[in-house]
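Enquirer: I have a structure I would like to understand better, so I am pasting it below and will then ask my questions one at a time.
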Amino acid sequence: MGAQPAAATVGPPSRGGDAGRPPRPSALSDGHGARRGRRRRTAARLRACGPYAARRPARSRRSPGAARRPCAALTAPPARAPQLPRRRPPARPASGAAAAMAEGEPWAPAPGARVCGAHAGRPLELFCEDCGRCVCALCPALGPHRGHSARLLPHAVHHKQELMALCLKDLEERKEQEAGNRRSVEQAANDLKARAIMSKRQLSDKVTELQLLLREEESLAKNFIDEKTQQALEAHDQQLESCQEKLAALETFSHRIRQIQQHSDPVQLLEKYTEIEKEMQEPRRLLEQWHPIPLSFEHILNHYKHFVTVLQSILQKPLEARLKEDVFSSLNATAKKEPGTVLKTMSPVDRLLFLKHARSPTWEYDSLHPRLKLSDDRLVVSCNWRRMFYPCGPQRFDKLWQVLSRDAFLSGSHYWEVDLLHAGAGWWIGAAYPSIGRKGDSETCRLGWNRASWCLKKFDFEYWAFHKGERIPILIEDDPDRIGMFLDYEAGILSFYNVTDGMAHLHTFRCKFTEPVYPALRLWEGSIGICKLT
């Protein structure tokens, strides 16, 4: 298809002799092609800009008298630009059941049902273990309980009911033991009354032989017995009152737990349980068994059997002074006891229960003081008469003869034993955080003198429990050859037991552990070893 001539339509009419001569074909064709390309590009831009831009007239570079050729892109109907989605204004948040329906939730709260306060209309379906509150399903994900541990309400109720059942069982055992203590005290009081009456009768038979001189002595002796008996009975009455109060408190607490346990509403059950959770989780103490010591007056009777021959000289002294000097009184064990004295014992701790958590930690070479040395199995630490050449490091104690274990306890229960048979007159055993000071001999480095360590200390014949510089004296009659240490990280318990004396309890530290716990010791002389239990 040939190119069309552009003689009469390109420019203005020619003048003079140029009227019939066509213009130069190269310049005209080039100018017309350039203008056509510009029109195409303008049309494309107008189509891209939208319908309003397409309606604007395009400027022409032709002269006013030149013939105008309409462009197909400009004469065609404007192209319709793609419609963008209209932005709707944000809707106001619905509340209650409307919010649940708006979010597509099939659940609707029943009349009278408990709903979440943070997300109105949401049902209480979970129980936050960290806060002890019933929450909706959105609270652990989007609400104030984000990241907390949560359980479904039925599971939480079942778990709390199990805890309350265990607590009730423990309370029943304690009630039974307190009832046994009450029976023991009542029996002791009755026996004491009977023995007091019998002793007074026997005393009367002996004293009547002394006639008038012994009448006054009889009165003094009876008053003495009555006084001691009254003191003992008053002490026993206080003990009975204490037992009764404890029984009443245990019964009240049991009844309260039983009411909560049988509550039909799971939300109220969990709320009530949260109120008494601290009381239920109080550390169990070893229960005391009371054994009232009978108050005997046999020594008075024996005294008056030998009284007749030396009556005149003996009566010059008070009765209590004479009883203290009498040999029969010194041989009687109950004569030295205060009236109403009760011997309290505790149920022995079974070592097998601790051995279920047995550990055999080894000592860390990098923390060992240069005057200490390790055995090949890293269980025994002993003092050395010369200084060892250990590599210097930030973990090594450079002043205090201390060492930490290689094994750290971050959770759970752990039990280990320390052999003290070859230890000297001074030692410290316990546990510490890794943040305890290592350089120097300040309180930040001393075992038991800061918040990062706990220990049991011996010096000569005295024992103390140390933490943060506070010391508590501990009464130990015979030096123990082996001491056991029990750590419950979650419960915050570090206890010491005398294994040599049948697992006698020595001391318990209670705190909230925030760092890994390492067994630790400090030594002056001799050697200390970890017993191999595993």
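Enquirer: Considering the range 414-438 alone, what residues qualify as being open to solvent by less than 10 Å² (accessible area, probe 1.4 Å) and among the acidic types (Asp, Glu)?
Expert: GLU417
Enquirer: Next question. Return yes or no: is SER411 crowded, with 21+ Cβ neighbours inside 10 Å, out of contact with any His (no Cβ under 7 Å at 6 or more places or on another chain) and more than 18 Å from ASP479 (Cβ to Cβ)?
Expert: Spelling it out, it is not the case that SER411 is crowded, with 21+ Cβ neighbours inside 10 Å, out of contact with any His (no Cβ under 7 Å at 6 or more places or on another chain) and more than 18 Å from ASP479 (Cβ to Cβ).
Enquirer: Just the residues that are modelled with pLDDT of 85 or more and loosely packed, with under 12 Cβ neighbours inside 10 Å, please, taken from the range 126-145.
Expert: ASP130
Enquirer: While we're here: So GLN395 ticks every box in (1) touching a helix residue (DSSP H, G or I) at 6+ places or on another chain (Cβ under 8 Å); (2) polar (S, T, N, Q); (3) not in a loop (DSSP other than H, G, I, E, B) but one. Which box is left unticked?
Expert: Going through (1) touching a helix residue (DSSP H, G or I) at 6+ places or on another chain (Cβ under 8 Å); (2) polar (S, T, N, Q); (3) not in a loop (DSSP other than H, G, I, E, B) one by one, GLN395 breaks only (3).
Enquirer: When the residues of the range 465-484 are filtered to those that are β-branched (Val, Ile, Thr), at pLDDT below 95 and assigned to a strand (DSSP E or B), which remaining residue is least open to solvent (accessible area, probe 1.4 Å)?
Expert: Going through the qualifying residues, I end up with ILE474.
Enquirer: Something else about it: Give ARG371, ARG406, ARG387 a once-over and let me know the one that is within 33 Å of the chain's Cα centre (by Cα) and either touching a residue at least 12 places away in the same chain (Cβ under 8 Å) or open to solvent by 10 Å² or more (accessible area, probe 1.4 Å) (or both). Reasoning before the result, please.
Expert: Numbers: ARG371 fails: within 33 Å of the chain's Cα centre (by Cα); ARG387 fails: within 33 Å of the chain's Cα centre (by Cα).
After ruling out the rest, the residue left standing is ARG406.
Enquirer: I'm trying to understand the selection: among the residues of the range 485-499, which are open to solvent by less than 50 Å² (accessible area, probe 1.4 Å) and farther than 22 Å from LEU368 by Cα?
Expert: PHE486, LEU487, ASP488, TYR489, GLY492, ILE493, LEU494, SER495, PHE496, TYR497, ASN498, VAL499
Enquirer: Oh, and also: Considering each residue of the range 99-125, count those that are part of a loop (DSSP other than H, G, I, E, B) and either modelled with pLDDT of 85 or more or open to solvent by less than 30 Å² (accessible area, probe 1.4 Å) (or both), and give that number.
Expert: 5
Enquirer: Which of the following residues is at pLDDT below 55, out of contact with any helix residue (DSSP H, G or I) (no Cβ under 7 Å at 6 or more places or on another chain) and either open to solvent by 40 Å² or more (accessible area, probe 1.4 Å) or on the phi > 0 side of the Ramachandran plot (or both): SER330, SER313?
Expert: On the way: SER313 fails: at pLDDT below 55.
Just a single option satisfies the conditions, and that option is SER330.
Enquirer: Filter the range 500-534 down to residues that are in contact with a Pro (Cβ under 7 Å, 6 or more places away or on another chain) and assigned to a loop (DSSP other than H, G, I, E, B) and give me whichever is most open to solvent (accessible area, probe 1.4 Å).
Expert: ASP501
Enquirer: Right, here's the next one. Only one of these is touching a strand residue (DSSP E or B) at 6+ places or on another chain (Cβ under 8 Å) and assigned to a strand (DSSP E or B): ILE429, ILE436. Name it.
Expert: ILE429
One line per residue, one yes/no per condition, for (1) open to solvent by 70 Å² or more (accessible area, probe 1.4 Å); (2) within 30 Å of ASN190 (Cβ to Cβ); (3) assigned to a helix (DSSP H, G or I):
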site: GLU241; (1), (2), (3): yes, yes, yes
site: GLU245; (1), (2), (3): yes, yes, yes
site: LEU250; (1), (2), (3): no, yes, yes
site: ILE276; (1), (2), (3): no, no, yes
site: GLU279; (1), (2), (3): yes, no, yes
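The values are calculated or read from the model by the stated rules, or taken from the named source; none is laboratory data. What you are looking at is a predicted structure, and each value in this text was computed from that prediction instead of being measured. Cβ sites come from the backbone with ideal geometry, for glycine too, and all protein chains shown count toward neighbours. All accessible areas refer to the heavy atoms of the entire protein, side chains included, with ligands and DNA or RNA removed. Shrake-Rupley method; radii C 1.70, N 1.55, O 1.52, S 1.80 Å.
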